[in-house]
1. Would you point out the residue of the range 277-325, among those that are under 23 Å from V244 (Cα atoms) and of a type in the set (S, T, N, Q), that is farthest from ligand 2 (Cβ to nearest atom)?
2. Tell me yes or no: at least one residue of the range 67-83 is part of a helix (DSSP H, G or I) and either hydrophobic (A, V, I, L, M, F, W, C) or modelled with pLDDT of 95 or more (or both).
3. Count, please, the residues in the range 220-248 that happen to be in a helix (DSSP H, G or I), among the aromatic types (F, W, Y) and away from ligand 3 (no atom under 16 Å from the Cβ).
4. With respect to S297, is the statement that it is within 16 Å of ligand 3 (Cβ to nearest atom), modelled with pLDDT of 95 or more and outside any strand (DSSP E or B) true?
5. Only one of V190, V183, V217 is within 16 Å of ligand 3 (Cβ to nearest atom) and either among the hydroxyl-bearing types (S, T, Y) or more than 30 Å from A311 (Cβ to Cβ) (or both); which?
6. For the range 61-92, which residues satisfy the criterion of being surrounded by 14 or more Cβ atoms within 10 Å (Cβ to Cβ) and more than 24 Å from Q21 (Cβ to Cβ)?
7. On the basis of being surrounded by 12 or more Cβ atoms within 10 Å (Cβ to Cβ) and free of Cβ contacts under 8 Å to residues at least 12 places away in the same chain, does H194 make the cut?
8. Looking only at the range 135-160, count how many residues are outside any loop (DSSP other than H, G, I, E, B) and either surrounded by fewer than 20 Cβ atoms within 10 Å (Cβ to Cβ) or not assigned by TED's automatic domain parsing to the domain that holds G204 (or both).
Amino acid sequence: DSTLRLAVIEGDGIGQEVVPQGLRVLRAALEPAGVTVETTPFDLGAGRWHRTGETLTDEDMSRLAEHDAILLGAVGDPQVPSGVLERGLLLKLRFGFDHFVNLRPTRLVPGVSTPLAEPGEVDFLVVREGTEGPYVGNGGSMRTGTPLEVATEVSLNTAVGVERVVRYAFEQAAARRGKLTLVHKHNVLVHAGHLWRRVVDEVGAEFPGVSVDYAHVDAMMIYLVQDPARFDVIVTDNLFGDIVTDLAGAIGGGIGLAASGNINPTGAFPSMFEPVHGSAPDIAGKDLADPTATVLSVALLLDHLGHAGPAQKVRDAVEADLAERASLGARGTVAIGDALVAAVTER
Ligand code: NAD
Ligand code: IPM
Ligand code: MN
């Protein structure tokens, strides 16, 4: 028997409702495999910030680093200035633990309703860069509040940073349907865009079995809505990836189903798994949040830690549950969690 040491950050809003359901499913999937899940709860988010003014201390970081993985709900709160928790907590974790791969799969499963009339077979994987781009905080403002105010957010792109995420994307494409799409805007963002393009050409030469194409991010919004089935692996920078994956979530049946992994493939730091959605203050505390995105993030966590069998069980359970949804009527967070635990236990 073995032990999985999991750091748990429920965070804010519906994060506190969906994470407990994800944990129940995780335990149900691993118990039959003889793996014990040992959780350490971390009090991080709006509550702690209000009480202490702290977002994420060095001590929190070193304690988190002692775990095999991190499960996170969501952060962000209307009572906390925008950016304080998003940057000071979530991005600090992604940057500090060098989560350079932000993995966000979309698979439209039978029975799930999508806003697209004829979606076809949708199964693509967005590999979003997680540690660079306009997210790094390389900016500032001058003459704030005056008519002459200046504000900058300069996108950071390094050859090493682009290469490592592009290589990861090619490896994924080689193991899937052999198609990779670079999304950028190199007709305007010529400095970063041409670096990304060159790196894709160079790394692509090592993957002759993978065909490469390119879409500007604006046109990508058209293609994703008109013909999402044509995509296999999509690789893009941090900000474009953020935008593309909310649209991907909608295509795949709603943001309540969209899962993600913030991965450090080297294993130097624990990877972190979280739903794509946020803290959803509009529905928080009402048992209305769909925990499925968190449960599918748990499946990514299981895959990452080498538990392929339990991961597949979780995905099969979700798929079976989704297939029944249309006939079941409205269910709350806990009821969906109950159903998923039962379905995993059955398998
Ligand atoms: P959001 O994802 O929280 O909500 C967008 C919409 O989707 C809302 O209508 C919400 O009710 C709905 N929704 C989200 N998750 C759902 C679920 N599981 N089931 C059913 N409906 C769901 O995005 P937002 O409103 O732009 O942001 C709210 C806060 O969350 C902000 O503070 C933002 O910064 C933060 N945020 C955090 C993360 C994260 O922690 N990873 C991600 C996105 C936004
Ligand atoms: C996401 C969120 C985050 C992002 C925010 C809250 C920092 O939107 O996980 O998609 O932009 O990456
Ligand atoms: Mn986002």
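The values are calculated or read from the model by the stated rules, or taken from the named source; none is laboratory data. Please read all numbers here as calculations on a predicted model, not as lab measurements. Backbone-built Cβ (ideal geometry, glycine too); neighbour counts: all protein chains shown.
1. Checked the range 277-325; the qualifying residue farthest from ligand 2 (Cβ to nearest atom) is T292.
2. Step one: filter the range 67-83 for residues part of a helix (DSSP H, G or I), giving none.
Scanning the range 67-83 turns up no residue that is part of a helix (DSSP H, G or I) and either hydrophobic (A, V, I, L, M, F, W, C) or modelled with pLDDT of 95 or more (or both).
3. The initial filter retains those residues of the range 220-248 that are in a helix (DSSP H, G or I), namely 220-226, 228-230, 238-248.
Still in the list and also among the aromatic types (F, W, Y): 223, 240.
Restricting the remaining residues to those that are away from ligand 3 (no atom under 16 Å from the Cβ) gives 223.
Residues flagged as in a helix (DSSP H, G or I), among the aromatic types (F, W, Y) and away from ligand 3 (no atom under 16 Å from the Cβ) within the range 220-248 amount to 1.
4. Working: within 16 Å of ligand 3 (Cβ to nearest atom): yes; modelled with pLDDT of 95 or more: yes; outside any strand (DSSP E or B): yes.
Criteria met by S297.
5. On the way: V190 fails: within 16 Å of ligand 3 (Cβ to nearest atom); V183 fails: either among the hydroxyl-bearing types (S, T, Y) or more than 30 Å from A311 (Cβ to Cβ) (or both).
Going through V190, V183, V217 in turn, just one is within 16 Å of ligand 3 (Cβ to nearest atom) and either among the hydroxyl-bearing types (S, T, Y) or more than 30 Å from A311 (Cβ to Cβ) (or both): V217.
6. Filtering the range 61-92 for residues surrounded by 14 or more Cβ atoms within 10 Å (Cβ to Cβ) gives 61, 64-65, 67-77, 80, 84-92.
Scanning the range 61-92 gives M61, A65, V80, V84, R87, G88, L91, K92.
7. Details: surrounded by 12 or more Cβ atoms within 10 Å (Cβ to Cβ): yes; free of Cβ contacts under 8 Å to residues at least 12 places away in the same chain: yes.
Criteria met by H194.
8. Quick first cut of the range 135-160, residues outside any loop (DSSP other than H, G, I, E, B) only: 135-136, 139-142, 150-153, 156, 159-160.
Subsequent filtering for residues that are either surrounded by fewer than 20 Cβ atoms within 10 Å (Cβ to Cβ) or not assigned by TED's automatic domain parsing to the domain that holds G204 (or both) retains 136, 139-142, 150-153, 156, 159-160.
The total comes to 12.
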